[in-house]
Amino acid sequence: MTLEELLRQERDVVPPNPLADRAEEIVARVRRRRRAAAVAAGAVITAVVAVAVVVVGQLLPRAPEPAEPSPSGPVLTLPQTTEGVPIVPGRYVLPVLDAPADWTLEPVVTVPEGFLGLDAGVTSGDFETDDARVLWLWNIDSVFTHPCELGATAAPVGPTVADLAAALAAQPMRAATAPVPVTVGGYEGLYLELSVPDDIDPDACPVGRFSSWEGRWQQVPGQVDLLWIVDVDGQRITVDASLSPGTSPQEAAELTDMVASTRFVPVDDH
């Protein structure tokens, strides 16, 4: 099946994605604004602290509520040994990293052709060797006070969507966009974007990582993370769509289409 045919098919079963029509504009703005980044001196490293990023959330209205509870078709589970292996297009249950053991819902995402399995999500390749994209979901309880500083720690954040969005937006060096309201799978939350400065080598950070929260760090300069933080029946879940600097408009639209397809369903009820 061609990509055009796949997109037509998904269009028939997934509510329209308001981000897709702006994909080319999104990527163009990322590239224009990165070239305008300013350089500031740091005590430990020299860092770019004012990198502008794409402002998708500020351009778009709240995502529409789905007409149906979920698209049709079987729901598949990523096998445990799927990391780095191409996966068949379809609807997959994706795990939520660090989710509570007693959480009774699970996310189902429509994955198009061209993605590989990851230990806890899907990816299009390796960030360190090519222009990769990643989609995964997290339960985040703490955020690093600084992404690239010796002695920085992950500080606990409050329990609400707004608490987490504010903590991420305040993280130094990330040039975060202002959080704006969104919905994912019928659940309300906030959307924001974080970036890595163009001239920062994450491997050169004192701790060897450019960290966002426990277990999550960025791999390359110019990497952008699109974050949807939603309250799913009292459980805060973050959908993280990560883009490499070379991501094309079509590739960006594929990731946002996947987020738009997300449904949260009872465990084993699919």
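Just so you know, all these numbers are worked out from the coordinates, no wet-lab data involved. It should be emphasised that the depicted structure is a prediction, and the values quoted were computed from it without experimental measurement.
Here are a few things to note about the model shown:
- Taking 0.36 nm per residue of sequence separation and removing the Cα-Cα distance, the ALA204/ASP98 pair yields an extension gain of 35.4 nm.
- Residues with amide H under 5 Å from that of LEU76, placed H, sequence gap 5 or more: ARG91, TYR92, VAL93
- Couplings 3J(HN,Hα) of region 202-218, computed from phi: x, 5, 8, 4, x, 8, x, 9, 10, 9, 9, 9, 4, x, 10, 9, 9 Hz, in residue order, whole Hz [Karplus 6.51 cos²θ - 1.76 cosθ + 1.60, θ = phi - 60°; x for Gly and Pro].
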